[in-house]
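Here is the structure we will look at.
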Amino acid sequence: MFIQRISAESIAVTGTGNTAQTTITVPSTVTFAAGVTYDILLSAQIPDGTDGTIVVITNGTDEGELYQFGFGNYARARRLGSRKILRVQFFDDPAHFNLVFVRG
């Protein structure tokens, strides 16, 4: 099975308190397709303030929140770090990503 590897262009925190989220931006040339698995390399610096925030992945056009695989809960940014790889699977009803595992 081929898994597309994508390097994150940027990682940013927006909002405060309960509305804070960590946004992982991948190149706009990446097209997300339902049921497809992706490896996202967190090569960009992880900013302060990510701990406990909801994670969103976007290519600038499409975006989806990151959920814990099998639990249906938001995946939080506590485990994010530079040089880690997120294996995620995209679904489109509604648009979201399931976190399969974190490696690195």
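The residues in segment 1-30 that are free of Cβ contacts under 8 Å to residues at least 24 places away in the same chain and touching a Gly at 6+ places or on another chain (Cβ under 6 Å) can be counted, and the count is 0.
Of the residues making up segment 47-79, just one is modelled with pLDDT under 95, under 16 Å from E9 (Cα atoms) and buried (at least 19 other Cβ atoms within 10 Å of the Cβ), namely V55. Please verify whether segment 1-17 includes one or more residues that are assigned to a strand (DSSP E or B), more than 12 Å from the chain's Cα centre (by Cα) and among the charged types (D, E, K, R). Yes; the residues of segment 1-17 include at least one that is assigned to a strand (DSSP E or B), more than 12 Å from the chain's Cα centre (by Cα) and among the charged types (D, E, K, R). Of the strands (runs of 3 or more DSSP E) entirely within segment 62-104, those holding at least 1 residues that are over 12 Å from D39 (Cα atoms), in contact with a Phe, Trp or Tyr (Cβ under 6 Å, 6 or more places away or on another chain) and not basic (K, R) occupy 63-68, 95-103.
The values are calculated or read from the model by the stated rules, or taken from the named source; none is laboratory data. Note that the coordinates shown come from a computational prediction; the quantities given were computed from them, not determined experimentally. All Cβ positions, glycine included, derive from the backbone under ideal geometry; neighbour counts span all protein chains shown.
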